[in-house]
Structures are given as structure tokens and as C-alpha cells.
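One structure is given below, encoded as C-alpha cells.
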Amino acid sequence: MSKRPMTVNAAAALEAVEGLAAIGFGLFVGGETILGEAVDPATAIGVTVLALAGGAAMLACARGLLRAEPWSRAPTVLTQLFALPIAWSLYQSEQYAAAFPLGLVAVLILVTVLSSPSTAWLVAERDHDDDDEDDLGAGRDEGGDRQAGEGESGDEPDGDGDLPAKSR
């Protein structure tokens, strides 16, 4: 597999930053809940669990991107598609300090993870690697030895048209 493109590195780094921010937010809300400062403890517990789980999932996606795991691209895109309306809602409620960074990071991640170099490395090259493995494994048994294919008996004539000694 070729060298990881810079776009994948950028997407993974930004996804990890978002994941860490979500975990930090979850810990903050959880701490507020434990201290009894939450307005609605039941909601705060739910927010804590969702933020911690979501942050952990985003960190897993970032790691998956770096390792070219095929599953990591879709949830990375999905989290950003969820982040954009949240950023818009924050903007409309005049919470600009949270809205602009979240919206910017979401757009940057979408651009980097859906870019041509990222797509080629995460999807196209992985497909070619799978095809190569299939080609290498075709006609071989578990030990890697060649097996007889359809129409082959395993006994092939030696150069003069006779069957090898084991078949005689």
C-alpha cells in the first residue's frame, strides 16, 4: 500500500480533536451532575453518556482512517453531517464561540475525507489489494500449494506427452 495521503492525516487529526472535545464535554457535564449543579440530572446523565460514547467512537474512526480501515469513512462522514446542523443551531442561538469552530472543523473533515486522494487510498487501493489477494490465493490450498483447477487432474504430461511417474 502506498504512503498515506496528507488529506487522510488531516481528517484523522481533526476527527480525533472532535472526539477529544466530545469526551471533555462529557466529563464536564458528568462532573457538574455529580456536584449537583445540573439543572436536570436525568438529561445531564444522558448527555454525559452520549458525549463519552460519541467521543470514543470518533477516536475509533480517527484511528480507523489512519489504518485505512474501510468501515471508518462512513461514520466519519456521518458524524460531520450531524455536526453541521448542531453548528447552525449554535450559530442561531448566538453561541458563536462554539458554532464557528464546530462548523469549520466539520466542513474541513468532510472536504479532506471525501477528497480524491483520501478516496483513492481508503477505498480504491483497498479494493486492488483485495483483488491481488484473491488472485494469489486462487488455485491454492490452505498451505499455499497449487491445486488442480477445473478440467485438471493434477497429472500433467511431462515434456514428451507421457504422464508423470506417479500416475503410471
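The values are calculated or read from the model by the stated rules, or taken from the named source; none is laboratory data. Since the model is a prediction, treat every value here as computed from it, not as a measurement. FYI the Cβ positions are ideal-geometry reconstructions off the backbone, even for glycines, and counts take in every protein chain you see. To get the accessible areas, we keep the full protein, side chains included, count just its heavy atoms, and leave off ligands, DNA and RNA. Shrake-Rupley method; radii C 1.70, N 1.55, O 1.52, S 1.80 Å.
From largest accessible area down, sort L14, L114, L65; use a 1.4 Å probe on the protein chains. Could the numbers behind the result be given before it?
On the way: L14 45, L114 90, L65 0 Å².
Heavy-atom accessible area, descending, gives L114, L14, L65.
First obtain the Kirkwood hydrodynamic radius of segment 17-62 from its Cα pairs, then insert it into the Stokes-Einstein equation at 20 °C and 1.002 mPa s, and state the resulting D in µm² per second as a whole number.
208 µm²/s
Among the chymotrypsin sites (Phe, Trp or Tyr not before Pro) within segment 1-95, which fall in a DSSP loop and have no more than 14 other Cβ atoms within 10 Å of their own Cβ? Don't jump to the answer; show the numbers that get you there.
Details: sites: F25, F28, W71, F82, W88, Y91; in loops: none.
Here no loop site has a sparse enough neighbourhood.
Set the Förster distance to 25 Å, then compute FRET efficiency between A13 and I34 from the Cβ-Cβ distance, nearest 0.05.
On the way: r = 31 Å, r/R0 = 1.26.
Once rounded, the FRET efficiency stands at 0.20.
Please pull out the direction-averaged projected area of segment 73-115, using the convex hull of its alpha-carbon atoms, in nm² to one decimal place.
In nm², the orientation-averaged hull projection of segment 73-115 is 2.5.
In segment 1-107, how does Rg compare with the Kirkwood Rh, expressed as the Rg/Rh ratio over alpha carbon atoms?
Radius of gyration over Kirkwood radius for segment 1-107 works out to 1.04.
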